[in-house]
1. Residues being part of a loop (DSSP other than H, G, I, E, B) and over 25 Å from R575 (Cβ atoms): count how many of those fall in segment 191-241.
2. Looking at segment 24-39, can you tell me whether even one residue there is in a strand (DSSP E or B), within 30 Å of the chain's Cα centre (by Cα) and not basic (K, R)?
3. So in segment 613-663, with the set limited to residues that are in a loop (DSSP other than H, G, I, E, B) and of a type in the set (S, T, N, Q), which one is modelled with the highest pLDDT?
4. Checking the condition modelled with pLDDT of 95 or more and more than 19 Å from W503 (Cβ to Cβ), which residue from R605, R601 passes?
5. Out of everything in segment 633-680 that is under 28 Å from the mean Cα position of the chain (by Cα) and aliphatic (A, V, I, L, M), what residue ends up being farthest from R608 (Cα to Cα)?
6. Can you pull out the residues in segment 334-364 that are of a type in the set (K, R) and either more than 20 Å from Y437 (Cβ to Cβ) or surrounded by fewer than 16 Cβ atoms within 10 Å (Cβ to Cβ) (or both)?
7. Collect the residues in segment 283-322 that are under 20 Å from T371 (Cα atoms) and surrounded by fewer than 19 Cβ atoms within 10 Å (Cβ to Cβ), keeping them in residue-number order.
8. Restricting attention to strands (runs of 3 or more DSSP E) lying wholly within segment 281-365, give those where 3 or more residues are farther than 23 Å from E392 by Cα and not hydrophobic (A, V, I, L, M, F, W, C).
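The values are calculated or read from the model by the stated rules, or taken from the named source; none is laboratory data. Please read all numbers here as calculations on a predicted model, not as lab measurements. A quick note on method: Cβ atoms are made from the backbone with ideal geometry, for glycine too, and the neighbour counts reach across all protein chains shown.
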Amino acid sequence: MGRINMQHRQLATLIVTTLFTLASASAEITFERVAAYVATAANDDPQLSADGKLIAVQRNRGGNETVDIIKLDGGDVLESFQFKQQIDVGLHRWIDSENLMLRSWRGDPHWGIPSRGRPERFNFKQRKVEKLFSGYEYTEKMQDYSLRSRFGTDQARIVFGVFPKSNDARAIVQHDFSGTTGKAGSGRQRTVVGSSKVMRYDMANEKYEELADIKDMTVIDVYTNAKSEVLAAWGQPKRTRAITFNEQVHLYYRASQKDEWQIAHEGNIDDSELAIIGDGPKKDTVYVLETITGKRAALSYLDLKTGEIKAVFRPARTDVSAYYVDGEHSLYAVKHDDHFPQYYYPNPKHLGAQIHQAARKSFKNANVTITSFARNNSGAIILVDSDAIPGEYYWFDVKSSRMQKLFDRYPQLEGYPLAQRNPIEFPARDDLRIPGYLTIPSNLTSKRPLIVLLKNGPGGAETWGYDWESQLYASLGFVVLEVNHRGSSGFGKGYTKAGFGEWGNMIIDDIATGVRWVKKNAGVTSDEVCVVGKGFGGYAALMSIIERPGIFKCAVSIDNVYTDLFANWNRMPRRGAQERDAFTKVGVEPDANVLKDASPRWRARSIRHPILLIEPLQGFANFAYAQYGNARAFVDELRQGGVDHRLYMVESSRSDNWLKDNDRQKSYFEVAKFLEQNLL
């Protein structure tokens, strides 16, 4: 197993009392400074064309996103594409060496999932744009338009490079939702079938080939071999319409296309996660990432003859969280994060593994990720980032083994300070191991106020590398603590499930315990502590100041849909969804009093310290207005309780009300001013 060489780093049990130097840690809070850290990447997600001679890169120009086509030999920009009405580019992928698949989105993804447009094909030589999937005429039991709107609605359903020596993509189509109606238990209730077709799709010429029709299953992922046979499928079985949450997942397999499907695994969604990668280490095997065979996610393979799942590599303390394939969709590495990123190479002699290891030797103290391969493996794009490197893109030429820098991801940060982000680990009240990160401002001369930065979640995890938000606050003179509290993912399914039912309880306790640990062991923080969070993190920030007023002096809640757990629960359909919501949040059968007790809205009048609420009003979707309604009800309670607070609504000047980069920058400038007022 490869490990990044970071011998100059120490885990935080030894931390940081020697980091004081001579200059001041404070910096003037200006809009320009905040905007530099908050802005979208100026150069992002460069993708090599199929022949490896061109790059398509997404660029931010004055808040408007374009895709530039660049010639590697000479660096000339051959073409630049921008959607009409300043609509942003959400996804770009090469179909071949002349056509790109482009997908628009309306709005800033920072404020939740934006409205995504239909995929389009852009021929940059002919400057021609056409809607994709317009020629698919499969109409069985559904109107063509309705079916096409489902085809490719999730970008993960379209996968490139899975067919050797071909530019065809693989796509999954959901279809056949017919059934009878009637009351639950009557025998006449409507059945949601959710069958799925797997298609081979020539996107350049609008040609389709049906590979499999998988009945009674909403397919999430599949495996296709070199012969285009569909031999494994992962998804959810059919359920009756009366049931509003489906907790079951199935893994199907077969040795050949002519065989009947067999079930390799039936399980609960909380205990069974799986991603299908591609060809396995032996004939008739498939590589997968899975949590089925152990407590932590492993790289494993599925035997297509027996249905057995056998682990190849399982980390000692964390989950395998990502896998990497080359231009022919062949696996060369998997990643897990145990304080720092670490890698396992199933075959160290694989071309992708050799390129990755060579790049890691060149950048010993950084994250190294191969983000794109040419379809013929003639070249690769490499992203290098760390706490001190916001992101640098390089082109690696396989024939010459030459690496050439392309561009910086965030060139606007040149001249601004970047702080060291130290991994920490501390015991919770019940001795559960809690990991996190502590970012120390550069040039520290005295103890500084502490910002507790909470991620959106509760799933997901903070991992080491460049993090714009922790760097922003550190540049303003604050020490920044990030806590991967229970409920986070990446540390085993037991760790994730430990957060079920603990939203207002042990998760809040983990955060407070982290603050006490830092104050006792780090020696760099003053008594002033503010908690800042987005989404679920905003909820946890408000509950922290409610439950632990002696620790936190202020709180910032950003884009928080959870101010009223009871109201959210009450909007959900019964017979599954409501029960699931209550179980994951407060751990009981639906109970209004328990949900209200865990909701900031119903305990608002008990808040004794200043709070800032940042709430976006993006688009005109029902959920946006529901969130706005929750925020207004919460603010009414704050007013009636005489609580020191401010509500900043993020609104757009555009007629369609979709937010842009500048709106995000203004929002975080408000956060910076609030922190300055209450902590400095």
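1. Of the residues in segment 191-241, 9 are part of a loop (DSSP other than H, G, I, E, B) and over 25 Å from R575 (Cβ atoms).
2. No: zero hits.
3. Among residues in segment 613-663 that are in a loop (DSSP other than H, G, I, E, B) and of a type in the set (S, T, N, Q), the one modelled with the highest pLDDT is S652.
4. On inspection, the qualifying residue turns out to be R605.
5. L659
6. Listed by number, the residues that qualify are K349, R360, K361, K364.
7. S321, A322, listed by residue number.
8. 285-290, 298-303
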